[in-house]
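> Shown below is the structure under consideration.
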Amino acid sequence: MENDLLRWFAANLPSHERLVVGAGDDAAVIRLADGQQLVATTDMLMDGVDFRVGEHDAARIGHKALAVNLSDLAAMGARPVAALVSLCLPQVGGELLTKQLYQGLLATAAKYDVAIAGGDTNSWPGPLVISVTALGEVAPQRAWRRSGAQAGDRILVTGRFGGSILGRHLDAVPRVTEALWLAEHADVHAAIDVSDGLSLDLSRVCEASRCGAVLDLGSIPISPDAEQLARERNDGATPLDHALADGEDFELVLVVPPSEAERLVALQPLGVPLTAIGTISDQPGLWSRGSDGKEQPLAPRGWEHRIES
Ligand SMILES: [Mg+2]
């Protein structure tokens, strides 16, 4: 399982005096010589898993490859600066495909003022693979970590959840502007972006912070896509199930003190809805609170890469 391997990395990668945050968060934070902090993240997307060449417009694929990385920088409260783009192209049609990918990728880079600083271009007898490394900056000691949640904190989310597989995952809007506003104007204890599923990613914050979370199920913002997917699949999974477990929403989960949550939810400063969905508790694990006020264990669910031994 991917989670086991991630724990193995966390336990086995050596610490380094330059590493403020190492493997196991949304991005690494690296101390530079003059005290500034570099935030670095990388994400690899594969044809057949994260998109389908031929079925999806290549410009949207190029956008997604950069956007998912910017989402990880946003989850650290970092300002994006530059990106490196590595392509492993199929041996036939690779040149045209590259130019189409870059249409979307460069438009998104321009939108967020990100320099495309280079990369690597290979080909092989397999399908398209894109790996983007995004670099950002953050003031010393200001990066948002997964590990800063405290019992009593409130859990806020941007946007709505579920059903992104209907197409929204290709047009992901990284919450960069929102994160930069919050980094300047709000007290954020912990954060993560939702790439693998709201409940699974929230459980990662809990694990890193050695705490638990109680979710008010009635307050989870459900995307119209989740409603549509539940209707179309008709397999017993409700829109709420999709909102809790579907991946690639690329929204932010923000853990803030209760008074700050109240202020932000009333203020709605972001242009995208900010919703309180639950509370951090010192009882480990995820819990759901129904309309009757009863708490029940909630199994974290979401996308995990299958890695077999
Ligand atoms: Mg992330």
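The values are calculated or read from the model by the stated rules, or taken from the named source; none is laboratory data. What you see is a predicted model; the values in this text were computed from it and never measured. Because the Cβ atoms are built from the backbone with ideal geometry, glycine has one as well, and the counts that use them run over all protein chains shown.
> Pick from the range 34-52 the residues that are away from the ligand (no atom under 16 Å from the Cβ), buried (at least 17 other Cβ atoms within 10 Å of the Cβ) and modelled with pLDDT of 95 or more: which of them is nearest to His169 (Cα to Cα)?
Filtering the range 34-52 for residues that are away from the ligand (no atom under 16 Å from the Cβ), buried (at least 17 other Cβ atoms within 10 Å of the Cβ) and modelled with pLDDT of 95 or more, the one nearest to His169 (Cα to Cα) comes out as Asp47.
> Scan the range 213-225 residue by residue and report those that are crowded, with 21+ Cβ neighbours inside 10 Å and in contact with a Leu (Cβ under 8 Å, 6 or more places away or on another chain). Walk me through it before giving the result.
First, pick out the residues of the range 213-225 that are crowded, with 21+ Cβ neighbours inside 10 Å: 213, 215, 220, 223, 225.
Answer for the range 213-225, where residues must be crowded, with 21+ Cβ neighbours inside 10 Å and in contact with a Leu (Cβ under 8 Å, 6 or more places away or on another chain): Ala213, Leu215, Ile220, Asp225.
> Taking the residues in the range 55-79 that are outside any helix (DSSP H, G or I) and more than 14 Å from the ligand (Cβ to nearest atom) as candidates, determine which candidate is surrounded by the fewest Cβ atoms within 10 Å (Cβ to Cβ).
Residues of the range 55-79 that are outside any helix (DSSP H, G or I), as a first pass: 55-57, 75-79.
If we keep only those that are more than 14 Å from the ligand (Cβ to nearest atom) too, we end up with 55-57, 79.
On the way: Glu55: 7, His56: 16, Asp57: 15, Arg79: 19.
Step by step, filter the range 55-79, then rank; the result is Glu55.
> Considering every residue within the range 153-170, establish whether at least one is in contact with a strand residue (DSSP E or B) (Cβ under 8 Å, 6 or more places away or on another chain), of a type in the set (Lys, Arg) and either under 18 Å from Tyr112 (Cβ atoms) or within 15 Å of the ligand (Cβ to nearest atom) (or both).
No, every residue in the range 153-170 fails to be in contact with a strand residue (DSSP E or B) (Cβ under 8 Å, 6 or more places away or on another chain), of a type in the set (Lys, Arg) and either under 18 Å from Tyr112 (Cβ atoms) or within 15 Å of the ligand (Cβ to nearest atom) (or both).
> Checking Pro269 against (1) crowded, with 17+ Cβ neighbours inside 10 Å; (2) out of contact with any Leu (no Cβ under 6 Å at 6 or more places or on another chain); (3) modelled with pLDDT of 95 or more, which single condition isn't satisfied?
(1)
> Moving on. Could you say whether any residue in the range 263-280 is within 16 Å of Arg168 (Cβ to Cβ), assigned to a loop (DSSP other than H, G, I, E, B), in contact with a helix residue (DSSP H, G or I) (Cβ under 7 Å, 6 or more places away or on another chain) and more than 15 Å from the ligand (Cβ to nearest atom)? Steps first, please.
Going residue by residue through the range 263-280, those that are within 16 Å of Arg168 (Cβ to Cβ) are 272-273.
If we keep only those that are assigned to a loop (DSSP other than H, G, I, E, B) too, we end up with 272-273.
Now narrow it down to the ones that are in contact with a helix residue (DSSP H, G or I) (Cβ under 7 Å, 6 or more places away or on another chain): 272.
Next, only the ones that are more than 15 Å from the ligand (Cβ to nearest atom) stay: 272.
Yes - at least one qualifying residue is present in the range 263-280.
> It is to be established whether one or more residues within the range 209-232 are in contact with a Gly (Cβ under 8 Å, 6 or more places away or on another chain), within 16 Å of the ligand (Cβ to nearest atom) and either in a loop (DSSP other than H, G, I, E, B) or in contact (Cβ under 8 Å) with a residue 40 or more places away in the chain (or both).
Yes, the conditions are met somewhere in the range 209-232.
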